[in-house]
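A.B. asks: The structure is given below, and queries will be raised subsequently.
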Amino acid sequence: MNKTSQGTRHQSPRRGELLMLLEAAQDKSAHLSQELIAELAESLGLSIGEVYGVATFYSFLSTKPQGRNVIRICQSLPCLLKYAQTIIESVQKEVGIRPGETTPDGRFSFELTNCIGACDGAPAMMVNSDVHGDLTPKKIAKILQAYK
Ligand code: FES
């Protein structure tokens, strides 16, 4: 390793900057492909593993293609205590996929996430950037109808 590459390795951007760059890259490309992660790592002088580690740590970042609408149900304790499991089952029934999957028509991807900051409306979920709280199984179908 020469001095230049050693110097670059020690000038790692702060985690927040990397996170901003990953968000921006995902906004452009819909997901963080291996090629995109490799390019970002190269341009920042980081290892692919470091960038991949951040890209897979946050539930709002995705390293695989997502549907047009991403459903994220909170599975943190306050929501679980308010029967989030029944909401998870209702979503599975409504869209026909399990967490981690995307519908064949690309309409929905379904993820579980940690707290989304809507604890006062537990159980809560996000569809894209929209927060929905005080969920009941009956509300799920109506909410999801709006996302085509
Ligand atoms: S614990 Fe579910 S939104 Fe905070």
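A.B. asks: Quick check, is A122 within 12 Å of the ligand (Cβ to nearest atom), within 18 Å of the chain's Cα centre (by Cα) and touching a residue at least 12 places away in the same chain (Cβ under 8 Å)?
C.D. replies: Working: within 12 Å of the ligand (Cβ to nearest atom): yes; within 18 Å of the chain's Cα centre (by Cα): no; touching a residue at least 12 places away in the same chain (Cβ under 8 Å): yes.
Spelling it out, it is not the case that A122 is within 12 Å of the ligand (Cβ to nearest atom), within 18 Å of the chain's Cα centre (by Cα) and touching a residue at least 12 places away in the same chain (Cβ under 8 Å).
A.B. asks: Another one. Restricting the search to the range 30-60, which residues are of a type in the set (A, V, I, L, M) and part of a helix (DSSP H, G or I)? Before the answer, list the steps.
C.D. replies: Just the residues of the range 30-60 that are of a type in the set (A, V, I, L, M), to begin with: 30, 32, 36-38, 40-41, 44, 46, 48, 51, 54-55.
Those that are of a type in the set (A, V, I, L, M) and part of a helix (DSSP H, G or I): L36, I37, A38, L40, A41, L44, I48, V51, V54, A55.
A.B. asks: Consider the range 10-45. How many of its residues are modelled with pLDDT under 65 and surrounded by 13 or more Cβ atoms within 10 Å (Cβ to Cβ)?
C.D. replies: 2
A.B. asks: Taking the conditions exactly as written (of a type in the set (A, V, I, L, M, F, W, C), at pLDDT 95 or above, surrounded by fewer than 19 Cβ atoms within 10 Å (Cβ to Cβ) and away from the ligand (no atom under 16 Å from the Cβ)), does I48 satisfy them or not?
C.D. replies: Working: of a type in the set (A, V, I, L, M, F, W, C): yes; at pLDDT 95 or above: no; surrounded by fewer than 19 Cβ atoms within 10 Å (Cβ to Cβ): yes; away from the ligand (no atom under 16 Å from the Cβ): yes.
No.
A.B. asks: Give me the pairs, please: first residue somewhere in the range 54-70 and within 8 Å of L32 (Cα to Cα), second residue anywhere and β-branched (V, I, T) and assigned to a loop (DSSP other than H, G, I, E, B), beta-carbon distance under 8 Å, and either six or more positions apart or on two chains.
C.D. replies: A55/T63
A.B. asks: So which residues in the range 91-109 are under 19 Å from K138 (Cα atoms) and either among the β-branched types (V, I, T) or within 16 Å of the ligand (Cβ to nearest atom) (or both)?
C.D. replies: Answer for the range 91-109, where residues must be under 19 Å from K138 (Cα atoms) and either among the β-branched types (V, I, T) or within 16 Å of the ligand (Cβ to nearest atom) (or both): V91, V95, I97.
A.B. asks: With respect to I73, determine if the residue is in contact with a helix residue (DSSP H, G or I) (Cβ under 9 Å, 6 or more places away or on another chain), part of a helix (DSSP H, G or I) and either modelled with pLDDT under 95 or within 15 Å of the ligand (Cβ to nearest atom) (or both). Let's see the steps before the verdict.
C.D. replies: On the way: in contact with a helix residue (DSSP H, G or I) (Cβ under 9 Å, 6 or more places away or on another chain): yes; part of a helix (DSSP H, G or I): no; either modelled with pLDDT under 95 or within 15 Å of the ligand (Cβ to nearest atom) (or both): yes.
In short, no.
The values are calculated or read from the model by the stated rules, or taken from the named source; none is laboratory data. For clarity, every value in this text was computed on a predicted model and none was experimentally measured. Reconstructed Cβ throughout: ideal geometry from the backbone, glycine too, with neighbour counts over all protein chains shown.
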